[in-house]
Amino acid sequence: MGLPEVWNLLCRFNSFKRTNIILQHLRMSKHTDAAEEVLLERRGCAGVITLNRPKFLNALNLNMIRLIYPQLKKWEQDPETFLIIIKGAGGKAFCSGGDIKVLSDARNTNQKVTQDLFREEYTLNNAIGSCQKPYVAFIHGITMGGGVGLSVHGQFRVATEKSLFAMPETAIGLFPDVGGGYFLPRLQGKLGYFLALTGFRLKGRDVYRAGIATHFVDSEKSKIDQDKPFILEEHMDKINSLFSANTVEQIIENLQQDGSSFALEQLKVINKMSPTSLKITLRQLIEGSSKTLQEVFVMEYRLSQACMRGHDFHEGVRAVLIDKDQSPKWKPANLKEVTDEDVNNYFKSLGSNDLKL
């Protein structure tokens, strides 16, 4: 689907003027040398948010969240604003995720940072999900973690041939947050469970075929992969059967018993992940499948704070981002040692500190 078709679809919701201006800002963002981490502009009848940290793949930090949220609410209430667009500068990434190294650094210096960032990020994600104006996320390039939270809950998500989607959190001792517990179990079959546990990457048109994007645009007028089937199409029957289990141990047993090259490949991937992350992620998705988006954010905030207090997230950041040895030492080191009581503790109410939306 090209830009004119996207525009026509948007026009069903509102009567827009200055069509050419809006279309221009749905196209690729070029690099900008402006110092601001977020650019907020009015273009005709559209409010345009540009994530402006291209050197850091537009990784999301607390300052950016605090710039975006009030402007989003302002535009939502503004009768002259008919459309809100969010995009990333630089061409390589929409948003590669949250600035997780900052979170790990804050462990011993300023715990309030970890509380504030997750609370305000999820509040922004919820505002996007409930936005009363058409919200268009242009997910060109890398879109992971926090970038998914800025896009997937909006009304329109436009992918391109350069889109790269993943929720790789189990590899760093975290879980697929930013509302992952809501949107992932609502994807076709058990696809969301597979993506959450393995961190599998979807590229280009497959981001649309998976149901993560609502539209697809060829940014360079090419017709790449137009007629190819969904990359996981031939494996969907296996994904639906093998990942239909209430425990991670059962999923692993399913993969072992299947024995196909696809199953064994996924087994190899899962065995590298944090055992604790795998268990809390599966429960997160199972519970999230019957919760409202707001209820999911309350649940995920509890999980986030438990992860910040725990071992595996900080070890994952060390192994992947600091020492880069790619050899995290998880504690507990295997699934057997992660007890039901351990998992339950991640989901416990924070009382007066619970997220309030």
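Looking only at residues that are outside any loop (DSSP other than H, G, I, E, B) and at pLDDT 95 or above in the range 83-111, which one is surrounded by the most Cβ atoms within 10 Å (Cβ to Cβ)? Write out each step before concluding.
As a first pass, look at the range 83-111 and keep what is outside any loop (DSSP other than H, G, I, E, B): 83-88, 93-95, 98, 100-105, 111.
Still in the running and at pLDDT 95 or above: 84-88, 93-95.
Numbers: I84: 23, I85: 22, I86: 24, K87: 25, G88: 29, A93: 25, F94: 32, C95: 29.
Among those that are outside any loop (DSSP other than H, G, I, E, B) and at pLDDT 95 or above, it is F94.
State all residues of the range 165-175 that are open to solvent by 20 Å² or more (accessible area, probe 1.4 Å) and under 11 Å from the mean Cα position of the chain (by Cα); if no residue qualifies, say none.
P168
What's the number of the condition R119 fails, among (1) in contact with a His (Cβ under 7 Å, 6 or more places away or on another chain); (2) open to solvent by 10 Å² or more (accessible area, probe 1.4 Å)?
The number of the failed condition is (1).
So, in the range 280-311, how many residues would count as being closer than 30 Å to G129 by Cα and more than 19 Å from the chain's Cα centre (by Cα)? Walk me through how you get there before you give the answer.
Initially, the range 280-311 is screened for residues closer than 30 Å to G129 by Cα, giving 280-310.
Adding the requirement that they be more than 19 Å from the chain's Cα centre (by Cα) leaves 290, 306, 309-310.
Qualifying residue count for the region: 4.
How about the range 192-209: which of its residues are in contact with a Leu (Cβ under 9 Å, 6 or more places away or on another chain) and among the small types (G, A, S)?
G192, A196, G204 - these are the residues of the range 192-209 that are in contact with a Leu (Cβ under 9 Å, 6 or more places away or on another chain) and among the small types (G, A, S).
In the range 234-252, which residues are in a helix (DSSP H, G or I) and either in contact (Cβ under 8 Å) with a residue 12 or more places away in the chain or surrounded by 14 or more Cβ atoms within 10 Å (Cβ to Cβ) (or both)? If you could, list the steps in order and put the result at the bottom.
The initial filter retains those residues of the range 234-252 that are in a helix (DSSP H, G or I), namely 234-242, 248-252.
Correct list: H235, M236, K238, I239, N240, S241, L242, V248, E249, Q250, I251, I252.
Considering only the range 310-335, how many residues are closer than 12 Å to T276 by Cβ and of a type outside the set (D, E)?
Filtering the range 310-335 down to residues closer than 12 Å to T276 by Cβ leaves 310-313, 315-316, 328, 330-335.
After this cut, where a residue has to be of a type outside the set (D, E) as well, the list is 310-311, 313, 316, 328, 330-335.
So the answer is 11.
If you take the residues of the range 62-82 that are of a type in the set (D, E) and open to solvent by 30 Å² or more (accessible area, probe 1.4 Å), which of them is nearest to L321 (Cα to Cα)? If you could, list the steps in order and put the result at the bottom.
Here is the first cut: in the range 62-82, the residues of a type in the set (D, E) are 76, 78, 80.
Still in the running and open to solvent by 30 Å² or more (accessible area, probe 1.4 Å): 78, 80.
Values: D78: 41, E80: 44 Å.
In this case the residue turns out to be D78.
Considering the range 175-206 alone, what residues qualify as being touching a strand residue (DSSP E or B) at 6+ places or on another chain (Cβ under 9 Å), hydrophobic (A, V, I, L, M, F, W, C) and not in a loop (DSSP other than H, G, I, E, B)?
Within the range 175-206, L195, L202 qualify.
Quick one: would you say L303 is open to solvent by less than 20 Å² (accessible area, probe 1.4 Å) and more than 27 Å from K112 (Cβ to Cβ)?
When the stated conditions are applied, L303 does not pass them.
Of everything in the range 145-164, what is crowded, with 23+ Cβ neighbours inside 10 Å, under 27 Å from C307 (Cβ atoms) and of a type outside the set (G, A, S)? Give them in sequence order.
Hits for the range 145-164 are V148, L150, V152, H153, R157.
Please determine, by comparing only the residues of the range 182-207 that are closer than 15 Å to M144 by Cβ and of a type in the set (A, V, I, L, M, F, W, C), which one is most open to solvent (accessible area, probe 1.4 Å).
Only one residue tops the list, namely F200.
Scanning for something out of contact with any strand residue (DSSP E or B) (no Cβ under 8 Å at 6 or more places or on another chain), at positive phi and in a helix (DSSP H, G or I), does the range 331-352 turn up at least one residue?
Here is the first cut: in the range 331-352, the residues out of contact with any strand residue (DSSP E or B) (no Cβ under 8 Å at 6 or more places or on another chain) are 331-352.
Of the ones still in play, those that are also at positive phi are 351.
Applying the additional criterion that residues be in a helix (DSSP H, G or I) yields 351.
Yes, the range 331-352 has at least one match.
Please go through the range 208-233 and pick out each residue that is free of Cβ contacts under 8 Å to residues at least 40 places away in the same chain, part of a loop (DSSP other than H, G, I, E, B) and either open to solvent by 70 Å² or more (accessible area, probe 1.4 Å) or of a type in the set (D, E) (or both). Lay out the reasoning, then the answer.
Applying the first criterion (free of Cβ contacts under 8 Å to residues at least 40 places away in the same chain) to the range 208-233 yields 209, 211, 221, 223, 226-231, 233.
With part of a loop (DSSP other than H, G, I, E, B) added as a condition, the list becomes 211, 221, 223, 226-231.
K221, K223, Q226, D227, K228, P229, I231, listed by residue number.
What pairs come out if I take residues in the range 145-161 that are at positive phi and pair them with residues that are surrounded by 24 or more Cβ atoms within 10 Å (Cβ to Cβ) and aliphatic (A, V, I, L, M) whose C-beta lies under 7 Å away, six or more apart or interchain?
Pairs that qualify, where the first residue is at positive phi and the partner is surrounded by 24 or more Cβ atoms within 10 Å (Cβ to Cβ) and aliphatic (A, V, I, L, M), are G145/M167; G145/V178.
Residue check, E315 against (1) in a helix (DSSP H, G or I); (2) closer than 19 Å to T198 by Cβ; (3) more than 19 Å from the chain's Cα centre (by Cα), all met but one. Which one?
Here E315 clears every test but (2).
The values are calculated or read from the model by the stated rules, or taken from the named source; none is laboratory data. Since the model is a prediction, treat every value here as computed from it, not as a measurement. Glycine gets a Cβ as well: all are built from the backbone with ideal geometry, and neighbour counts include every protein chain shown. Heads up: the accessible areas ignore ligands, DNA and RNA and are worked out on the full protein's heavy atoms, side chains in. Shrake-Rupley method; radii C 1.70, N 1.55, O 1.52, S 1.80 Å.
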